[in-house]
Structures are given as C-alpha cells and as structure tokens.
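These notes concern the structure reproduced below.
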Amino acid sequence: MGKLVSSWSSVQNLPEDYSFRWTIPVIDLGEGSHDRAGIIQQIINASQDFGLFPGLCKILAEITVINHGVSGVLMDETMSVVKEFFNMADERRADVFTDDHTKSCRFRTSSTNYATEETHYWRDFLRHPCHHLEDFIHLWPQHPTTYRDVVGKYSVEVRNLLLRIMELMSEGLGLEPGFFEGELSDDLLILTNHYPPCPDPSLSLGLPKHSDPNLITLLLQEHVYGLQVYKDGQWLGVEPLPNAFVVNIGYQLQVVSNDKFKGAEHQAVTNSREARTSIGAFMGPCNNCIIEPAKALITEDNPPHYKAFNTKSFLKITWQRLLVTQKLHCWLSMF
Ligand SMILES: O=C(O)CCC(=O)C(=O)O
Ligand SMILES: [Fe+2]
C-alpha cells in the first residue's frame with residue numbers, strides 16, 4: 001500500500017522514477033576527452049537513436065582555444081540581448097514586425113500561418129538570415145543597439161561549430177571530407193522563440209510537433225524547461241543543461257544520409273511561471289541546391305529512399321505544411 005501516491009503524506013520533490021524529463025545523450029566534443037573516432041561514434045549512436053543531442057559548452061570553451069568554438073560569454077550575451085529584444089516596448093521593435101512572408105527578417109507571433117491556423121501558438125518569434133552577414137545584417141533589428149554586433153558574432157561562431165559537427169558526421173557516414181561544405185551549408189537562419197508565461201499551459205502549446213526542415217540545427221535554450229521530444233510513442237521533456245547546445249537533425253540531413261540519421265520530432269510546451277526564450281541556428285543548403293541521398297551511400301542493397309528536390313521548393317512547401325499536416329515524409333519519399 002505504501003506505493004500508493006495517495007498514501008504519501010508530504011512530498012517536496014518528485015521522485016526520479018516518476019519524471020518524464022530526460023537527459024538526452026550528451027556528446028563531449030572536447031578533443032581532450034575522446035579521440036576523433038570516439039567522438040564520431042558517439043554522434044552516430046546519438047543521431048541514430050534520437051536525432052537530437054547536446055554538445056556541452058565546457059567543451060566549446062576548449063574549442064574556443066583552438067579558434068573553432070562558441071564562448072560561454074558570447075552564448076550568455078546573445079541570450080541576454082535576445083531576451084531584451086522580446087521585452088522591449090513595441091515601438092522599439094516595430095522596424096522588424098511584419099506579416100509579410102517575403103521579408104527575410106520577420107518578427108511576428110504564433111506560426112507562419114497565423115491567418116489560416118485554427119489554433120494559435122503561445123509564442124512570438126524573430127527570424128532572419130545570417131550568412132553572408134554583410135548581405136543581411138542591415139535588415140536585423142536596430143534595437144537593442146548591441147543586437148547586430150552580438151548576434152552577428154554569435155552567428156559566425158555557431159556556423160563554425162555546425163560545420164565542424166557536419167564534418168564529423170560526413171566522416172561517420174563514410175562521405176568524402178568537406179562533403180557538406182559549400183552550397184549544402186551555405187544558408188544560416190537565426191530563429192529566436194519567446195514563450196511568455198501562459199495562463200493555461202495544459203490547453204496550449206508554444207510550438208506544435210514538428211521536425212526541423214533544414215540540414216541541422218543548433219538550439220540554445222536557457223534554464224527554463226519547455227522542449228519535448230517524441231520518442232517511442234511518448235513525449236519526453238528535455239532537461240536543459242547549463243551552457244549546452246541541443247543539436248537537432250533536420251529533414252534534409254535525413255534525406256542526404258538516406259535515413260541513416262533521422263530527425264527527431266519535437267515540440268515546445270509553455271509554463272505559467274516564467275518566460276522562456278530559445279535561439280535556433282538553422283543551417284541548410286542555398287536556394288537552388290539539389291538535395292538528394294548522397295550517391296556514395298547508394299548501392300543495390302541500399303536504394304535511395306527519397307527523390308531529389310530543389311531546396312527552394314522544398315522549403316516553400318515545408319514551412320507551410322510542416323506545422324499543419326505532418327505529411328512531409330509521403331511527399332518526399334520514393335515509396
Ligand atoms: O523552443 C524550443 O525549445 C524549440 C524550438 C524549435 O523547435 C524550433 O524553433 O524549431
Ligand atoms: Fe524545431
């Protein structure tokens with residue numbers, strides 16, 4: 001009878017075996033901790049099982065030393081300037097607020113389908129391209145005044161880290177060195193999400209179930225819980241780790257790897273106590289690039305699972321459909 005929760009008199013903290021929160025596989029990218037082959041193996045295992053893993057910042061700090069990483073200070077500064085943006089008075093952020101889908105820098109609410117969606121999401125977001133910086137930075141918010149400087153530096157550093165991770169992945173897949181360099185990784189979008197405290201989290205969502213449509217995403221979240229991953233038929237909460245990034249495999253990497261890597265479906269839930277902010281860096285191919293299963297992976301026993309498609313049309317369809325019908329796989333796959 002002692003197991004009955006109704007027999008417990010007072011419980012301050014939820015016992016661990018009652019928690020659906022989950023620490024997703026942690027990959028230590030520090031070169032001091034594993035050899036290169038060991039790091040690649042960890043990435044492969046985590047990517048195949050979950051499609052999602054965080055790299056610890058302790059490590060990133062080490063990488064900073066060799067000029068490839070993102071410093072903890074820059075991560076904190078970026079989170080702070082983004083939060084400042086979301087907390088500013090509307091007049092100061094009116095320069096980027098728009099309903100126009102064709103504007104590459106957009107600050108708006110809910111999803112891309114506000115006018116047509118039946119239910120809205122408890123989320124504001126700001127998105128803008130970042131690469132090449134000189135082509136886009138003039139379109140970014142003018143306030144806070146440090147925004148462009150801080151987020152500009154951040155975008156360059158996360159891009160380097162993403163390229164480094166892609167290089168490890170291409171080696172793990174058995175593709176030639178530099179496979180993902182050039183046009184396959186020429187696009188970088190920073191998309192920041194802000195979920196204010198919500199009056200009824202049980203009835204609403206910050207972001208619905210989706211897989212990211214791009215190649216690979218680096219997500220910076222703060223200490224506030226909200227990200228969930230769909231695994232084996234249930235939602236698992238991703239415990240935020242201090243100074244860590246979540247790396248999320250996108251649909252395009254699933255296609256190029258011919259399903260060797262699978263994107264994880266995820267969503268963002270809200271809470272009633274504290275606002276939550278997350279910053280995604282979405283890397284992907286340039287507009288006219290053709291995405292298809294890498295030829296080197298195709299054999300008689302491993303035929304292509306997907307047809308080739310043009311990135312521009314893929315993204316046009318995905319951003320509209322992704323959050324609504326979840327039918328992408330049927331649209332893309334060969335079978
Ligand atoms: O806020 C989060 O944790 C999730 C964000 C996300 O999945 C996205 O922007 O695609
Ligand atoms: Fe996502």
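The values are calculated or read from the model by the stated rules, or taken from the named source; none is laboratory data. Model, not experiment: these values are computed from the prediction. Neighbour counts run over all protein chains shown; Cβ positions are idealised from the backbone, glycine included. The protein model used for the area step is the full one, side chains on, heavy atoms only, and it has no ligands, DNA or RNA in it. Shrake-Rupley method; radii C 1.70, N 1.55, O 1.52, S 1.80 Å.
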Response to the item:
Of those in region 165-195 that are open to solvent by 40 Å² or more (accessible area, probe 1.4 Å) and touching a residue at least 40 places away in the same chain (Cβ under 8 Å), the residue farthest from Ser272 (Cα to Cα) is Glu176
Discussion item. Which condition from (1) within 30 Å of Gln254 (Cα to Cα); (2) at pLDDT 80 or above; (3) open to solvent by 90 Å² or more (accessible area, probe 1.4 Å) is the one that Glu31 breaks?
Written reply: (2)
Worksheet item: Within region 270-321, how many residues turn out to be touching a Phe, Trp or Tyr at 6+ places or on another chain (Cβ under 8 Å), closer than 28 Å to Leu161 by Cβ and assigned to a helix (DSSP H, G or I)?
Response: 1
Worksheet item: Which strands (runs of 3 or more DSSP E) does region 47-132 wholly contain that include 3 or more residues that are at pLDDT 85 or above and within 16 Å of ligand 1 (Cβ to nearest atom)?
Response: 106-109, 124-129
Worksheet item: Looking at Thr277, Thr270, which is the one that is in contact with a Cys (Cβ under 7 Å, 6 or more places away or on another chain) and within 16 Å of ligand 1 (Cβ to nearest atom)?
Response: Thr270
Discussion item. Suppose we filter Asn243, Asn248 for residues that are touching a strand residue (DSSP E or B) at 6+ places or on another chain (Cβ under 8 Å), within 11 Å of ligand 2 (Cβ to nearest atom) and not β-branched (Val, Ile, Thr); which single one remains?
Written reply: Asn248
Practice prompt. Output the qualifying pairs, or none if there are none: Cβ atoms under 7 angstrom, residues six or more apart or on different chains, first residue in region 2-14 and open to solvent by less than 100 Å² (accessible area, probe 1.4 Å), second residue not aromatic (Phe, Trp, Tyr).
Written response: Ser7/Met1
Discussion item. Every residue in region 112-152 that is in contact with a Lys or Arg (Cβ under 8 Å, 6 or more places away or on another chain) and open to solvent by less than 20 Å² (accessible area, probe 1.4 Å), please.
Written reply: Phe125, Leu126, His128, Cys130, Trp140, Pro141
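Against the condition within 13 Å of ligand 1 (Cβ to nearest atom) and either out of contact with any Pro (no Cβ under 9 Å at 6 or more places or on another chain) or basic (Lys, Arg) (or both), how does Leu191 come out, does it pass? Walk me through how you get there before you give the answer.
Numbers: within 13 Å of ligand 1 (Cβ to nearest atom): yes; either out of contact with any Pro (no Cβ under 9 Å at 6 or more places or on another chain) or basic (Lys, Arg) (or both): yes.
Taking the combined requirement at face value, the residue satisfies it.
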Practice prompt. Among the residues of region 248-260, write down those that are near ligand 1 (Cβ under 10 Å from one of its atoms) and either under 21 Å from Ile290 (Cα atoms) or surrounded by fewer than 22 Cβ atoms within 10 Å (Cβ to Cβ) (or both).
Written response: Gly250
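Let's see how each residue does on (1) among the aliphatic types (A, V, I, L, M); (2) out of contact with any helix residue (DSSP H, G or I) (no Cβ under 6 Å at 6 or more places or on another chain); (3) open to solvent by 70 Å² or more (accessible area, probe 1.4 Å):
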site	(1), (2), (3)
Lys262	no, no, yes
Glu265	no, yes, no
Ala268	yes, yes, no
Arg273	no, yes, yes
Thr277	no, no, no
Gly280	no, yes, no
Met283	yes, no, no
Lys295	no, yes, yes
Asp301	no, yes, yes
